[in-house]
Amino acid sequence: MEKLSNPKKTIEVIQKYQFDFQKKFGQNFLIDGRVLEKIMDAADIGAEDFVLEIGPGIGTMTQYLAERARQVMAVEIDRNLIPILSETLSDYDNVEILNADILKIDLRKAVEEKNQGKPIKVVANLPYYITTPIIMELFESEIPVDNITVMVQKEVADRMQAQPGTKDYGALSLAVQFYAEPYIVANVPPNCFMPRPKVGSAVIRLTRHQNPPVEVKNKKLLFQLIRASFNQRRKTLQNGIKNFSGLSFSKEEVADALEQIGVSPTIRGEALSLEQFAELCSLLDR
Ligand code: SAM
């Protein structure tokens, strides 16, 4: 079958099934073969790999994955796409389609059953309305993952990769960098999709750390401190932590811990590195 990355083929399939694009599901299908090749190369898909694809759409990226990987499991929420996928992927016997919400299935169990607990690769042109919950779920559920290579909104990719002291640095940068090494592979303009999104996009590869870059006993507290520090961006970190519900540290306790790590009590969250947040966490954990 001719590839769906050819826009003519995509239009033909959409018309044949009279498919209605659902905005609420973030449906913007890729129609550029070069971008798809770049994603395959960045994700480093080989003949031994088990790949989880989130949101296959009409199967454009799935066709590329099926040609390179050993096995592809694709999870699609929109049941109207299932009959289309049966046709567009009929040439491949290594693709399994699941009609489900990625945030509601027991991924850990599925991966354990289908890949015997060995690390998988995740590749997706993500629905932008739930990018962060999907990525955090993949990290926090502790599914064995080698790398996650995804298309996201450009601004979100920039935030994931940002370093301390820059305008894009925030809770998302720290959360992602705690689990993985981010690398922006390519910027992708709206004309590579059908329909065209209103925002620019980027492909980012998140390579899971073998070992976390910082040691923390209380991961929950670390993430609470991070959220508290960026909750009110213009406030000092000290005030942010003091006012954050769920945390009960006094201003003095925070000031004392900040002094011990050698930074000013008036510092703002955006100036602190992951290592410094981890030190602060150990000092405040009692
Ligand atoms: N992979 C296709 C491509 O690149 O052309 C489609 C990508 S489109 C940006 C996102 C896809 O994710 C859509 O097919 C949408 O229906 C699906 N989707 C949205 N929310 C989902 C969810 N919660 N679980 C699984 N799939 C979802």
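With respect to the numbered conditions (1) at pLDDT below 95; (2) of a type outside the set (Asp, Glu); (3) within 19 Å of Thr62 (Cβ to Cβ), which one is the sole condition not fulfilled by Lys121?
(1)
Tell me, which residue of the stretch 81-108 that is open to solvent by 50 Å² or more (accessible area, probe 1.4 Å) and part of a helix (DSSP H, G or I) is nearest to Leu138 (Cα to Cα)?
Arg108
How many residues, within the stretch 18-30, are away from the ligand (no atom under 11 Å from the Cβ) and either surrounded by 14 or more Cβ atoms within 10 Å (Cβ to Cβ) or closer than 20 Å to Pro197 by Cβ (or both)? Step through it out loud before you land on a result.
As a first pass, look at the stretch 18-30 and keep what is away from the ligand (no atom under 11 Å from the Cβ): 18, 20.
Subset that is either surrounded by 14 or more Cβ atoms within 10 Å (Cβ to Cβ) or closer than 20 Å to Pro197 by Cβ (or both): 20.
The qualifying residues number 1.
Scan the stretch 138-157 for residues that are at pLDDT below 95, of a type outside the set (A, V, I, L, M, F, W, C) and within 16 Å of the ligand (Cβ to nearest atom) and jot them down.
Ser141
Just checking, how many residues over the stretch 217-251 are open to solvent by 70 Å² or more (accessible area, probe 1.4 Å), under 19 Å from Glu270 (Cβ atoms) and assigned to a helix (DSSP H, G or I)?
4
Check the stretch 160-168 and report whether any residue there is at pLDDT below 95, assigned to a loop (DSSP other than H, G, I, E, B), more than 13 Å from the chain's Cα centre (by Cα) and crowded, with 17+ Cβ neighbours inside 10 Å.
For the stretch 160-168, residues at pLDDT below 95, assigned to a loop (DSSP other than H, G, I, E, B), more than 13 Å from the chain's Cα centre (by Cα) and crowded, with 17+ Cβ neighbours inside 10 Å: absent.
When the stretch 169-197 is examined, which residues are found to be open to solvent by 30 Å² or more (accessible area, probe 1.4 Å) and either modelled with pLDDT under 95 or among the hydrophobic types (A, V, I, L, M, F, W, C) (or both)?
Ala171, Ile184, Val185, Met194
Being of a type in the set (A, V, I, L, M, F, W, C) and more than 25 Å from the chain's Cα centre (by Cα) is the requirement here; does Ala255 meet it?
Here the answer is yes, as Ala255 does meet what is asked.
The values are calculated or read from the model by the stated rules, or taken from the named source; none is laboratory data. As the structure is a computational prediction, the values presented were derived from the model and not from experiment. Glycine gets a Cβ as well: all are built from the backbone with ideal geometry, and neighbour counts include every protein chain shown. Heavy atoms of the whole protein, side chains included, go into the accessibility calculation; ligands, DNA and RNA do not. Shrake-Rupley method; radii C 1.70, N 1.55, O 1.52, S 1.80 Å.
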